[in-house]
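Asks: Below is the structure I would like to discuss, written out as structure tokens.
The values are calculated or read from the model by the stated rules, or taken from the named source; none is laboratory data. Quick caveat, the model's predicted, so the values are computed rather than measured. Using ideal geometry, Cβ is built from the backbone for each residue, glycine included, and neighbour counts are taken over all protein chains shown. What goes into the accessible areas is simple: the full protein's heavy atoms, side chains included, and nothing from ligands, DNA or RNA. Shrake-Rupley method; radii C 1.70, N 1.55, O 1.52, S 1.80 Å.
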Amino acid sequence: MASVQSSFSNSTHKIQTPGQLLSSWNNTKGTRNLLCPNKRSSIFPSKRLIAIRCSALSGLEVQETDEELSPEDSRPLREIWREIQGENDWENLLDPMNSHLRREIVRYGEMAQACYDSFDFDPHSKYCGTCKYQGAHFFERLGMADRGYTLTRFLYATSNINLPNFFQKSKASSIWSQHANWMGYVAVATDEEEIQRLGRRDIIIAWRGTVTYLEWIHDLKDILHPAHFRDDPSIKIESGFFDLYTSKEKTCKYCSFSAREQVLAELRRIIHRYRGENLSITITGHSLGAALALLSAYDIAEMKLNIIDDGQEVITKIPITVFSFSGPRVGNLKFKERCDELGIKVLRVINVHDKVPAVPGIITNEKFQYQKYLEEAISFPWSYAHVGVELTLDHTHSPFLRRNGDIRDIALVNKSCDFLKSEYGVPPYWWQDEHKGMVRTAEGRWTLPERPRIEAHPPDTAHHFEQVIKYARAKLEYF
């Protein structure tokens, strides 16, 4: 996992990627804990730990302890995976941190980080805004071939919406697309040993966040828009997120289907293919990608795509879990309440110093006593609420970082930044494609080779999305 940059302390804001957010979690011995729940917590089962005790986020006290706060859970993951996926809202798993949950958070954080590591954000490349790797070699090129997942499709969104600081565009005269940006991917567990370890076949949806400074936050209109995924206009989401998720561009082959249509169609195809198996749907993302993760989770549940009816009065509900990193608020209180009703499980990993999770909804949010009254009585238009369980980290307690820096593994901290103390001898910005993708020809000339044709959408996308709508309507009538 690599770097994300975040800190609103001055005019130059950097975001903290899932890699940096979880950086201190990747050590197995003698690690200092960044987790700060209500009392105390330990992330790693080591003999010597630094536990953070706090009654409030503003009053952190770091204390050394030899106590075994987080013993290794001897139960196999396959027996308790539903608990780890949030079946009981992670009760008794966060404080102290359950060893299985810690590993799963890091694993899904790596899946989110893959969106950054594979994204071409070089404005001088005609492929700027794409994924640098072909789907068949995606995990292999990222050093994740052993994860046991197969990528099934890429996700795209149109840049013809009012979030200019989110999208990356090439300065070259001949480019791959005038309208599209690569947004993430869908993958499914296919390795039999991994499926056995997990206890089910896991479907993962990973959404890309921002690779630029946080000016994208200022692009948010802070205007609530009816979700329109069901007949209830009181359920609202931030209009910028809504546009990014639902907009499409008919003239662009990559954006002829909206991001929403792409992900629902692909999920329906995978569920149909593995019908009858034990399945889970896990969605992850960082920053703006975290917002899309929650929005797509709500959409999937609202469309009843995770409800499987075998036609013999046996109904199976596929669990939907969101592991989000540094995510903003997405919708109003009604949206939050509806997500709870639908059984969507959300674990929000945040840094206490990161400002992104505090927006939108600075004026009225879930901490305001009269939020429900304002929404119902006067339809207050700037009311937002977080969804799910919050897991708070504090990077300032990491022993590896400069006081004004971010976090990490430790070498992975400097993967895409220069935050590590110099005494660790890790060079900054060390994660690079060899020669930035340039190759030497037989004639001795250096050139940037043409990439293989970028796949747009599977030919059955329209069919599967039509089936999603058809079955959603039928299920709404049934339920």
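Asks: Applying a 10 Å radius around every beta-carbon, put 117-123, 237-243 in order of their mean neighbour count, most first. Mind showing how you got there, number by number?
Replies: Numbers: 117-123: 19.0, 237-243: 22.0.
Going by the mean number of other Cβ atoms within 10 Å, highest first, we get 237-243, 117-123.
Asks: Another question, if that's okay. Under 12 Å from the Cβ of ASN98, count the other residues' Cβ atoms, weight Lys and Arg +1, Asp and Glu -1, and hand me the total. List each step's numbers first, then the result.
Replies: Numbers: positive: ARG75, ARG102, ARG103; negative: GLU72, ASP73, GLU83, GLU91, ASP95, GLU104.
That sum, taken over residues with Cβ under 12 Å, equals -3.
Asks: Okay, next question. Using θ = phi - 60° and the Karplus form 6.51 cos²θ - 1.76 cosθ + 1.60, what ³J(HN,Hα) does each residue of the range 317-330 get, whole Hz, x for Gly and Pro?
Replies: 10, 6, x, 10, 10, 10, 10, 10, 10, 6, x, x, 6, 10
Asks: What list of ³J(HN,Hα) couplings, whole Hz, do you get for the range 465-470 from phi and the Karplus terms 6.51, -1.76, 1.60, once you set θ to phi - 60° and write x for glycine and proline?
Replies: 5, 4, 5, 4, 5, 4
Asks: Would you mind putting 96-102, 178-184, 422-428, 468-474 in packing order, based on average other-beta-carbon counts within 10 Å, highest first? Working shown, then result.
Replies: Values: 96-102: 22.1, 178-184: 23.9, 422-428: 11.3, 468-474: 14.7.
Top to bottom by mean Cβ count within 10 Å: 178-184, 96-102, 468-474, 422-428.
Asks: Mind listing the phi-derived Karplus ³J(HN,Hα) values for the range 259-267, rounded to whole Hz, using 6.51, -1.76 and 1.60 with θ = phi - 60°, and x for any glycine or proline?
Replies: Listing the rounded values in order: 4, 4, 4, 4, 6, 5, 5, 5, 5 Hz.
Asks: In whole angstrom, how far apart do the alpha carbon centroids of the range 233-257 and the range 97-143 sit?
Replies: Between the Cα centre of the range 233-257 and that of the range 97-143, the gap is 23 Å.
Asks: When only the heavy atoms of the protein chains count and the probe is 1.4 Å, how do GLU140, GLU443 rank by accessible area, highest first? Intermediate values should be presented prior to the final figure.
Replies: On the way: GLU140 120, GLU443 145 Å².
Most to least solvent-accessible, the answer reads GLU443, GLU140.
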